[in-house]
Amino acid sequence: MPTFEYKAYDKEGNPKSGIVEAANEEAAAALLRDMNLTVVSLEMKVKPVWEITIPALRVVSQKEIVVFSRQLATMIKSGLTLVNALRILQEQTENKEFKKILDKIATDVEAGTNLSRAMSKHPKVFNKVYVTMIRSGEASGKLDEVFLRLADQLEKNYGMIAKIRSAMAYPAFILVALVAVAILMIVMVIPQLKSLFEESGIQLPWTTRLLLAVSNFFRDYWYIALLIIVGVVFGFRFWISTKEGRKSWDKIKLKIPVFGNLARKIYMARFTRTLGTLIAGGLPILEALEITSEAIGNTLYQEGVEEAAKKVETGASLGTTLRKNKNFPVMVAQMIEVGEKTGNVEEILSRLADFFEAEVDAMTKTLSSLLEPILMVIMGIGVAIIVASVIMPIYGLVQAF
């Protein structure tokens, strides 16, 4: 996510400066306003290449946040003060980093800071959707209900991603095995037969000559191959960190056969689930749309939701607006229109989210079952080509004698 360097003033007029992470400049400005800061300057900070290409590991897992939200909701509902509940959860968690974060939040709350404000200081753990929902819960006095709603949303998101990873695990293993076998043959087997082939003087098949050339390159110039691989990875990471690169990559993802359709369903599940949760939490539709646009994870959908928010602000219907955007299925627009007419938009969005999550689940299972035999065939063909490239010259050598 892009980082922005800011200069601002707090309520007392004291100058403040620092760095904030957000999807874009508008989101960064909104986040600073939420922190009661008056922005003077806001500038996107370009990260060094090594910082861009080596993403930081997530210190707190999604599952831990789900458990934390449910437990905190139960404790608040049972009558515990917010600080006591936070301290108990701080003692219970085994994650050292999460323990430190909860300690800082509890300390801030003890000092009189709102929970939402205290959590907003840790955007890598509590994103904008989470913090905004907590703020709405504080305003309505229904913090326990908000935590339960957040836990439900996070649990469903976590479950969807976990199913996708599980379905792709075996095909990924097969692909890695294929690459490993190819590298082993090229680096270990082919070089041992090189001198034999050269001394025989027989005409080698083009596949064998190609394998020998690749083997020689990897053995003699392995550092160049390594630099090329690292350069490609670094270049790609840098490219997608730019605004134009990210938009182009997001377009490409939607056009990839089969996987593009899966990505669209995932984005729709995120859109409907996040927007429904925010509206059910009592947020105004415009604020809910603004936050949802950042949570989808694709710039094309983000721009579509932002454009819809502008038209809704002028009095247009959300369903009618989305109907004009080709990235949003007609069914989604029609269902939202029904929800707007009946006053049950959040319920309609929840049903749509359930539908798309079920579609993602079914599609990942089908995709996994299709990929496995395809990869097995590719692996067999690859190994057969390599083995044939080795055996055919040996057979020709035997015939020559």
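What to note about this one:
- Flag if PHE218 is aromatic (Phe, Trp, Tyr), surrounded by 13 or more Cβ atoms within 10 Å (Cβ to Cβ), more than 29 Å from GLY382 (Cβ to Cβ) and out of contact with any Cys (no Cβ under 9 Å at 6 or more places or on another chain): no
- Residue ID - nearest to SER140 (Cα to Cα), chosen from residues in region 275-295 that are surrounded by fewer than 20 Cβ atoms within 10 Å (Cβ to Cβ), modelled with pLDDT of 85 or more and not charged (D, E, K, R): PRO284
- Filter pass, LEU283 being under 24 Å from MET133 (Cβ atoms) and in contact (Cβ under 8 Å) with a residue 24 or more places away in the chain: yes
- The combined condition, being surrounded by fewer than 16 Cβ atoms within 10 Å (Cβ to Cβ) and either part of a helix (DSSP H, G or I) or basic (Lys, Arg) (or both), is not fulfilled by ALA182.
- Within this structure, LEU371 passes the test of being assigned by TED's automatic domain parsing to the domain that holds VAL176 and under 28 Å from VAL179 (Cβ atoms).
- Subset of region 294-305 [part of a helix (DSSP H, G or I) and either free of Cβ contacts under 8 Å to residues at least 60 places away in the same chain or within 17 Å of GLU337 (Cα to Cα) (or both)]: THR299, LEU300, TYR301, GLU303, GLY304, VAL305
- Condition check for VAL66: under 27 Å from GLY159 (Cα atoms), among the hydrophobic types (A, V, I, L, M, F, W, C), assigned to a loop (DSSP other than H, G, I, E, B) and touching a helix residue (DSSP H, G or I) at 6+ places or on another chain (Cβ under 7 Å): no
- Total residues in region 66-114 satisfying the condition of being closer than 21 Å to MET35 by Cα and among the acidic types (Asp, Glu): the figure is 3.
- Yes/no for GLY13 being over 21 Å from the mean Cα position of the chain (by Cα), at pLDDT 75 or above and not β-branched (Val, Ile, Thr): yes
The values are calculated or read from the model by the stated rules, or taken from the named source; none is laboratory data. This one's a predicted model, so the numbers in the text were calculated from it and none came from an experiment. A quick note on method: Cβ atoms are made from the backbone with ideal geometry, for glycine too, and the neighbour counts reach across all protein chains shown.
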